[in-house]
Every structure is written in C-alpha cells, then in structure tokens.
1. When only residues in segment 514-568 that are at pLDDT 95 or above, polar (S, T, N, Q) and more than 23 Å from ALA224 (Cα to Cα) count, which is most open to solvent (accessible area, probe 1.4 Å)?
2. Restricting to segment 729-746, what's the tally of residues that are among the small types (Gly, Ala, Ser) and either open to solvent by less than 10 Å² (accessible area, probe 1.4 Å) or within 20 Å of the chain's Cα centre (by Cα) (or both)?
3. Determine if segment 234-254 includes at least one residue that is in contact (Cβ under 8 Å) with a residue 12 or more places away in the chain, under 30 Å from ASP533 (Cβ atoms) and open to solvent by 30 Å² or more (accessible area, probe 1.4 Å).
4. Does ILE571 count as farther than 30 Å from ARG482 by Cα, open to solvent by less than 10 Å² (accessible area, probe 1.4 Å) and free of Cβ contacts under 8 Å to residues at least 40 places away in the same chain?
5. Has segment 583-602 got at least one residue that is acidic (Asp, Glu) and at pLDDT 95 or above?
6. Would you check which residues across segment 493-513 are out of contact with any Pro (no Cβ under 7 Å at 6 or more places or on another chain), on the phi < 0 side of the Ramachandran plot and open to solvent by less than 10 Å² (accessible area, probe 1.4 Å) and list them?
7. I'd like the full set of residues that are surrounded by fewer than 18 Cβ atoms within 10 Å (Cβ to Cβ) and either over 20 Å from ALA127 (Cβ atoms) or of a type in the set (Val, Ile, Thr) (or both), limited to segment 373-405.
8. For segment 369-385, indicate whether the set of residues that are under 27 Å from the mean Cα position of the chain (by Cα) and more than 29 Å from LEU132 (Cα to Cα) is non-empty.
Amino acid sequence: MKTRGSKVAIVCAIAIVPLILAVLGYAAYVYIAVLAGGSTPSGTLASLGVEAPATIVRDTRGIPHIRARNEHDLFFLEGYEQGTDRLFQLDIDRRFVAGRLAEVFGDQALQSDEQARVFDIDAIANAQLAALPAGLRANVEAFSDGVNAAIRTRPLPPEFRALAYAPQPWTAKDSILASFATVLALTDDWYTVASRNDVLESVGPGAENAFYSISDPKYDSPTAGSRPAPVAPLPALSVTFPDAKSYYVSLLDRRAGLGSNNAAAGAKFTATHRALLASDPHLELRMPGVWWLVDLEAPGIHVAGATLAGVPGVVLGHNAHIAWGATNGTVATLRVYRERFKAANSDEYLAGKRWLHAAHRSETFGVRFGKAQAREYLRTRHGFVFEDRGALKLAAAWTADLDRRSSFEQFDALDRAASAAAALGVLGRYPGPPQNFVLADDRGNAAYVLAGEIPIDAAWGLRVHDGPTSPPPLQINVPYERLPHVAAARDAVVFSANARPYGKGYPYRLSAAFAPPYRAWSLAKHLAARPYDVASFSAMQADLFSPPEAELAFDAIGAFLRKNLNGDPDIHAAIEALRTWDGKFSGDSRGAVFVTVLRRAATERLVRAHMPPAVGIPYLQNDEGAAYVALMRALRERPRGWVPDEDYDGFLVAAMRDGIAALRAHRAYDETWSDFGARTAQHPLGLSSWNGVPFPGLGDSYALHVQAPHNAQSFRAVWDVGNWNSGGIVIPQGESGEPGSPHYRDGAALWLQGDLVPLPFDDAGVAKAAESTLALQP
C-alpha cells in the first residue's frame, strides 16, 4: 500500500516534469542557435544589397578578405561580415555606451546605465555624425546597412535567444557609440581626477611629488628627446596611519597593464633594409576579443589589420604603403571643477558673485521586468556634473564634449596614406583621444607623434579647480607642432609604452601620471641591439622580464638577510624563491608569485600609512602604477617619514608576511606562476562553456608580455613594411564571436605558442589561404 509520503513524492515528480521539459526545451532552443551560427555563408548570394559584383574570401583563420568595385559595397560587406561574426558584441557595446543595458539585463544594470549618461553621449554622437564629410558618412551608413543585412538574413547569435530579445537595427550613430567603448576605457576619467585631488588634500604638501611622480628616474626612457627630463626628489613625509588595517584584499589592479607597446625602426637599422613596426595594444581580456581582423580592397583603398567591433575601416594595421600602431597617450584631457551650490537640492551655483541656474537634462531608463526610471542631470558653465557631494558638486570639462568631432576621418585617411610623412600630416587634425602613433612606410622611414587635443591646464589632471572663481573653460590646446614627435626618417628608431614620451627641456607636463616607464625601458633595451628583423621584434613582444619587480626582489632579499630571518621558515622560503628567480614571469616560476604578492602588499602598506581608506582605495584602484613608482623610489631613495620607524627592511618583511598570508588564505602558497597568474577571457553572460581558452600565467603588468588581472595584449602584430607576406598578426582567441564557430577560439594555440601568422594581402596570398568564398551579386 502506498504511503502518504510516497503519494506526495509522485505528485511532486509529476508537477516538476513540465519545468524540466521547459528547461530542456529552452536549452535546445539556445543550442540550435549555437549550431546555426557555426557556419558562414559561401557560394553565390544575390540581392543582399551590393551595387556591383564582389567577393568575400574567408581564410583558414576565418578572417574575411573583401574585394569590391566601389566603396559603398566594400563598407557594406564589412558591416555584413561584422554582423555575421560579432552581432551580440556590437549590440552590447552600443548599449553599454548609450546607457541601455537595463533594457536587457534589468535593474542590476541600472547603475551602469546611470553612470554612462552622466555626460550627454547621445548629443555628442549626433554631433560627431553630422560633422563627418559626406563621403565618409556615406561609407559609415553603408557599413550600417551591411550590419542590418546580417540581422535580416543570418541566424541570430545564441545570446539573443538566451536573453529572449532581438537586436534593433544598427545605425551610423551606433558606430560612433561603439567607438566610445574603447575611448572610455582609455580616458583618464573625471572620477580619477577627483580622487587625485582627494589624495593631495589628504596627504598635504609634498603629495604631488610623492604619489604622482611624473616618471621613475631610474628607468625613464623618452621617445622624443636625447636626455631624460628631471624628476623632483621624493619629499619627507610623516606616517599618519601607522596601525592602519589592510584593505587590499578587496582590490584588484583593474587598470594594471592597460595601455600598449609599439616600436618602429627605419630601414637603416634593419636586416631587411625595410622599415619594421611592432604593435601590441593592451585592453580588456574578454570573449569575444576587442579586435576583429579584416582585409579590405576597392579602387583607391587597400588596407588590412584590426578594427573595433562596430567601427568601419581599419583602426590599426597597414595599407599598401604604411603601417601604424598606437598606444594610449595617458595625458590629461579634462578639467574638473568644484561647484558651490546654494543647497544640496538646489540647482543654483555660484559663478563669481552671481548665482546661476544649472542646465537640466532629463534621462529615462528602460528597465526590463521593472518600471522605467527617470533621472535629472545638471550642467554648469564648466561642464557636466558627475559627482554630488551635497552643496558641493563636481563638474567636468572634457575635450570630447567640447570639440564634438569624431576621429573616423583621420583613421580613414590613415587607411589611405601613402607615406609616414603624409600620415603625420593627417594626425595634425586628429581630435583624440590622444594617442602615441608609431608609423613606418615602404620608403624605409619610421616616425612618431603624440597626437590629439590636450588642453593647456596648470592642474594637468591632478587638482580640482575652484568653480566660483574659474572662468568657463577655453579649449586652448598644446599646438600640434609642440607635441612630442620624431620626424619621418630612415634612421629613426621610435617606441612607445604609455610612459612619459618627452625629454629634458619640454615645457608641458601633459599628464598627472604617465604609465610607469618600465615597459618603455625594456623596449629601449631591446632596440639597443641592431640590426632588427621580424624575429627580434616578435621576441620583444614576448619578453617576460619585469625590471622593477626584479629590482624589488633584490631589495627584499637584502632586507630579509639584514634582519637575520633566514631561520624563519616563511621568510626562508621567500628568500629561496626570490634568489633563484630570473625576473621573468614564466609559467614554472615561484619567484614570480612571491614578488607579485610582495609588490601588492608593500604598495598597499605604503598607501595606507599615509591615506585613509576612503582616499587610499580609489588611489590604488585608479593609479596603481603611480603607487608602485612611489614604492620603488622610496625603497631606492629612503626619504624620511615614509615607513614606520624609518625601518625600510622591517617594512618589506611585514609586507612579505602579508603576501604569504594572502597566498595561504587563497590556498595558492604552492602554486607556480602558471596557475597563480592564469587568466580566462570571460563571456559577458558568465557561461563557462562560452568563455575563452584559459591562459596560464605568462607575463604580467610590467613585462612587455602584458597579462594582468583584467587586461592583456589584445593583438600582436609585426609588419615588415612593404613585404606584407612576412610578419603578421594574431589575436588571443578567434575571429568569430559565435560560440558554435570553429573560429571562436582557434587562435588561442597560436597565441600561446607566440607565433605570428601572416595576414594575406595580395591576390596570390589570399587565394592560397582561402577556406571559403562568397560571391555577391546585385
């Protein structure tokens, strides 16, 4: 006889069957889209939208080589191919920039949307689009039509099924928005400027020279200038918080490694007697990757390389005559003002002796499964208000807001430039964001320029201006001819790694804190060995040696031995790991693990001795590189008042103990760098089956081979300029953003091996590498 309990179990089992079937049906529904997106069209396709016959050849890596008879069709098909490969990425990027993620993800994304609309991105994008020359705008619109052709004719990526929504049509304005995804990642933002001002006010006199060194003088390596510029000595301080509790456990160096490495050499110094250029930008490690590779040819244009998802043309790469790369300028492009309002809830603010009403902008946020939300934003005579501190509010004047021109025009001109000298002329009109452009041409010349609008400002992103007494901001920029540069020449050797680019005698600071010069120093060391070839440039990109961390390890060993702590098991283990370490972040190294936790703990200990958590945590999150420079200089120069009891050796011992405790807490004490430094490119939906191939630890934030917690080399390229079948370009995972595609992760093996793969450019090379061909007919 069945018991009451068994009857209940049967009823529950029957009731749950529909739920199980629904889950299985949903999974099958999504999986069908995975399978559908695993192939790309081939054969012949008519009536898609081209005006004349055209072809798309996909090579063995899935990279499209587009051949068209006019520019409309060229950019239309580029949009179609991007829509085929990266449609979900395109949609998420435009939503992120426009502040429309909550429409898909619900109220959990509302805070991100509200931050995105602090400045009026919609108005900026509209203005940039309106300012495009007619021909270029037509090409951007053709690109948009191509994306829409993919939306209309191709299976939607599985992410859309998983989230149960469909993408809206792509527009030319969306391409402007997509370009801002990287602009915002590279911009020295308004919150960071406010954080710096808080550091200066909290620490007091000497804080600027202490915690915002313009460079580390031991490693300073200017690109433009024969001698390094001086760096002010570290001032004496006083330890304000000797017993401060640790707060680093909550931090990851989110901007560490963000930047790029570039180098170029004129033909005089190369084994090939052609110019060489190496390029590896460092951006977020994610799935799919930041870059999409393409080769485009139509009458009047032939260009190949990498572009950002949603952006037509090629952003970084080469045409038939020149190659170029770019690293973030890390310069000040905004000014922040502290505005005094009548009251916390008032819109009246003080301007001189008058009270003015701030302009209002109302924004409405769609929230999936929730009620739409509205928010008011204010704008003063200085700029948009981004932080509310009651009656005191912070406003920002940003070059992208003040000069609403897109850089599309200049990148389109680079795609067509015939020489490095011509490219330098193009960059004289480049609005930004400021970049260190490295160039090389088939005449054997190399060149360099820091290009973009950099407003002349005494604060240089370090301090907040007083709003009531400051006039409206005038956009007076450093003249282009006064920006750091090296003229095109066959004997030019140039490099850039986001560090201070200028040498002694340069009149402008330009930045609150350039990136530390450690990668630039390594580039300079590599470039001291001549002649160069593709192999030596590729080896430069793969260098795992970190100069400052090798120095830190040496300092730590000396401190531990002077403290006579070799008998302490933990310190003895650290000594042995660091003593045998060669300074390289290779996978089998334990020294790399110990020096990493020592660096983090020592940097945090230094900061927390001088700043309260509300100030020190944002400083470490936003300016970790500047904090590390401060640490290395302090250990070298030994200024008074920087560490408790002036005991630098004891300071390093305590930091090493912190680091070892952290390793044990995370059960990582016995790990090598391969495990401890491992990184996985994450899919935005958090599905592990759609993540990238896990990368073992190899390189770090301060080695040329950058692999940091959040950022990494986002492509590696070496161009043997004029011989485009040599050298090549690789990306970390794959060309396709479709999880079911064979080209979703197929680049990972080559990436991990450190190989370069030529990007076919001429007809013979494209034909030899062809995997599939699509013929387009009107």
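1. SER538
2. 3
3. No, the conditions are met nowhere in segment 234-254.
4. It is false that ILE571 is farther than 30 Å from ARG482 by Cα, open to solvent by less than 10 Å² (accessible area, probe 1.4 Å) and free of Cβ contacts under 8 Å to residues at least 40 places away in the same chain.
5. For segment 583-602, residues acidic (Asp, Glu) and at pLDDT 95 or above: present.
6. VAL494, SER496, ALA497, SER511, ALA512
7. Passing the criteria: GLN373, ALA374, ARG375, GLU376, GLU387, ASP388, ARG389, GLY390, ALA391, LEU392.
8. no
The values are calculated or read from the model by the stated rules, or taken from the named source; none is laboratory data. This structure is a prediction, so every number in the text was calculated from the model and none was measured. A quick note on method: Cβ atoms are made from the backbone with ideal geometry, for glycine too, and the neighbour counts reach across all protein chains shown. Protein only, heavy atoms only, side chains kept; ligands, DNA and RNA dropped before computing areas. Shrake-Rupley method; radii C 1.70, N 1.55, O 1.52, S 1.80 Å.
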